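Q: This is the structure, below, for whatever I ask next.
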Amino acid sequence: MTFHSIFLAPLVFMQVAALIWAAVALKGARLKTVFILFGVCLLVANLVAALPGWPDLGGSWVGALGYIALLAVHPLAAGCVLAVLRDYWGRRRTLFISLAVVSMLPAMATGIALGWGPDAVYATYPVSIIPAMWLAFALAESIATWLHSSLKGEAAFACIVGMILLIVSGPVYSLELESVGWEHALGVIPAAPLAFAAFLWSAWKANPLTFKRPLVIANAHPPDGLQAGLHLLDEARPKYAAELVKRRARAGMPTWVFVRSESEDAKHRYGNAQLLKIPSSQHCALKVVKTIMLISREYPQSVFLIEDLSCLVCNSGLMESLEAMKAVSNHSRMNHCVTLASLSCLTRAEVREFAGLPAYYWKLPVVEEEIAAILHMELGPASHHMLRIFCNSKKMRMEDMMMYHILDLQEFLKRILTSLSRNPGDSKVLDSGLSQVGAIVSKLDRFRSITLDDLAKGPWPSASVTRRDKHGWLVKATDFGFGTGLGENASHYGGRARGAFEEALGEGGRALYEQTLQIMGLDEKDIEPEDFPALYKTTEELLKLLESHESALRKVDKMLERSSELKEWLEVVGGSMNG
Amino acid sequence: MDKIRTYQEGLDEILGGGIPAGQVVLIVGAPGTMKSSLSYAIIHENALRGLPGIYVSLEQHASSLLYQMNRLGYDEKASAEYLSVLDLAALRTKVKESETPWIDFFKMYASGLRKKFGFRFLVLDSLDALEILAHTRNHRKDIFELFSWLRELDCTSLVIGELASSSSDAVTLEHPGFSRHREDYLADGIIHLKLEKQGEFGMQRRLRIVKMRGTNHSTSYHAIIFDKGFRVTQVVS
């Protein structure tokens, strides 16, 4: 064995790490392209480096097979690691097995062809490289974390290291060929120390011995200063919750998200956080609690997000979900972890039930409406069109806009407003356009980095913008407080009450409901759950009054019999009648 | 109430001292009655005296407008510090008209300039062009909203409106319209310009303050003559 062959394992690992780094850091739609590109680069570099050793193969088919095996084995091994990384073992078992087997077979063939000496052991290195794969995994994950963090300097450093790894991969490969007996490798001596330094750096930064390492990069200060315990986030869709989770994950904290479905969209929404699917079984609330307890014991500073409490309520029922959240609240406080739970998709009555738990309750604005309000302050009604154009360019609806879209929106506005200001006028017009852009960008920046505390203190940007009759979609913060922002139309509870009357009292229910409203002097759209007890009481009184009229006696008798059902129905649609 | 002087000879006198600040004044008239020139002259003279203003042109390109005004003796360089010309006509060539919310764009530019530049005088040339570009369906409501917005902008606005030649002659007690969509009722003031036949072959430009809220103005027709500047005088038959 030559002197520089001691660098072999780390150098091989470095090649694999480079591939994985590329795949992880640039995951998403471009993943396949990037992976293929890097694979091709690696292959070409290897071929160029190994070309001088070709005559040593002697032209035999066994030698050629071994040569091909050595060329193919790196990308395939990288593919294997990637498969582990992306949990193909759990989800795409066939693909994982095929990658593993395919990467083993040529190497084994080489071993058979060359005989089972030390060289052949190296040739079958996909088996011996498993520890190196873990190293690669750790490195790639930590680089990806840095890449997504605000520590741009370190991200740039990671990028440079990645590039160096690719550059040295060719000479490194020639070293490998030399070690298995094929001489004339080029570029080994200058490349080896460089790659070795990179290896030392990665080993120092990314302790490969434990899987936990990337999750506890540092005892980072929570970016938003959330207290340990359960935090209930009252927002129309879990958008600010997603932003909080992303911020924590970016700061290198262990972050777990319970999602309804592990879609690509969810992965994109929550960044580096681990996704856990909420089981759609009867006692899913208890299972979620159990999972939180297990994980938080292992990772004490974890952050959990239950994306959709309504999912728990649907499957486990309201009472069990409330009990489960009570347990989560206590456990989180005792174990110094933060659990966020989104109250989206719950009725106001259900929200009130959850708000009664020993937890922090945060009323949050509708993200897209706040963004619209910020734009409206500077651009007036044209902001609506700007947002529409932006959303069209992203192929999404306006209500799908998330906090992470703000950066793209800023870029878009900079481009379009500068262009629009350049066209129609003199320097003053351009100056005013640029100043509008500057104001919007700084306001959006402030909103993007706002903490829960500041958000709760208010005022929200939408508070300063009046309702737009023309488009009818922008609401004031004060409207939001009364439910408009939650997507509840004005007759939300009125419609529910009407339904309860019809369900409980049959055909006559509707007429009775309308008469009751008349007596109470209420409009259907003004009904709130608080009115339900009075609604029931008035109806009962009305029925008793009608009882004295003989002509309607039979019908009213029936209705009186079923009036207890009405009470139950009203409880179902509006929450507790005693509440 | 503060008044913005027009600095046009004779006009401030019949206006009762000038245009009340913050009002929306419609300048209407048939083609050739020098609506744009009079408006530019007023904003130019105010700019020369340090009152910032913008002239929003939807029809005529800025270069053509400024060339025309230079020919009339209004040197753009002299007022450049306080007067800005917003050439939305140039933007029209770049943006598809059917998809462009022109009223909203106009508001966006104007409010941006108001914040940055702090102008106190605005000329919109012309309301009819804006209506056509904006594809307004409910004209009266849209114009009402536009005028309310102009008032909220806290500047004095001169809005140029076009009248067909025949209708300008036909402004009588039976048909007292000064606009197509009754925006004359929504404006705070109306200055009507018309061409009146004089003698066998001659034509004379005439001006009348139809209304000007908050002022004690003359309601008679006056002759308006351009000779190195506008001059408003009594009509001499």
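Q: Looking at A:319, A:417, A:375, which one has the Cα that reaches farthest to the positive end of the dipole of the stretch A:305-424 (charges on Cβ: Lys, Arg +1; Asp, Glu -1)?
A: Checked the options; the winner is A:417.
Q: Using the C-alpha gyration tensor of the stretch A:298-373, what are the square roots of 5 times its eigenvalues, in whole angstrom, with the largest one first?
A: 22, 18, 11
Q: Between residue B:141 and residue B:233, 0.36 nm times their residue separation minus their Cα-Cα distance comes to what?
A: 29.4 nm
Q: Which peptide among B:46-58, A:389-401, A:323-335 comes first, and what is the full order, when sorted by highest mean count of other Cβ atoms within 10 Å?
A: B:46-58, A:323-335, A:389-401
Q: Under a Cβ-only charge scheme (Lys and Arg +1, Asp and Glu -1), can you give me the dipole magnitude of the stretch A:267-341 about the Cα centre, in debye to the nearest 20?
A: So the magnitude is around 160 debye.
Q: Distance from the Cα centre of the stretch A:352-402 to that of the stretch B:32-48, in angstrom?
A: Value for the Cα centre distance between the two parts: 44 Å.
Q: Now, a different point. Give, as a single signed number, the net charge of other residues whose beta carbon lies under 12 Å from the beta carbon of residue B:153, with Lys and Arg counted +1 and Asp and Glu -1.
A: +3
Q: Follow-up question, since we're still on this one. Going toward the positive end of the dipole of the stretch A:232-373, with +1 on Lys and Arg Cβ and -1 on Asp and Glu Cβ, which of A:310, A:278, A:296 do you reach last?
A: A:296
FYI, it's all coordinate maths here, none of it is from the lab. If you're wondering where the values come from, they're calculated on a predicted model, not measured in any experiment. Positions of Cβ are backbone-derived with ideal geometry, glycine not excepted, and every protein chain shown enters the neighbour counts.
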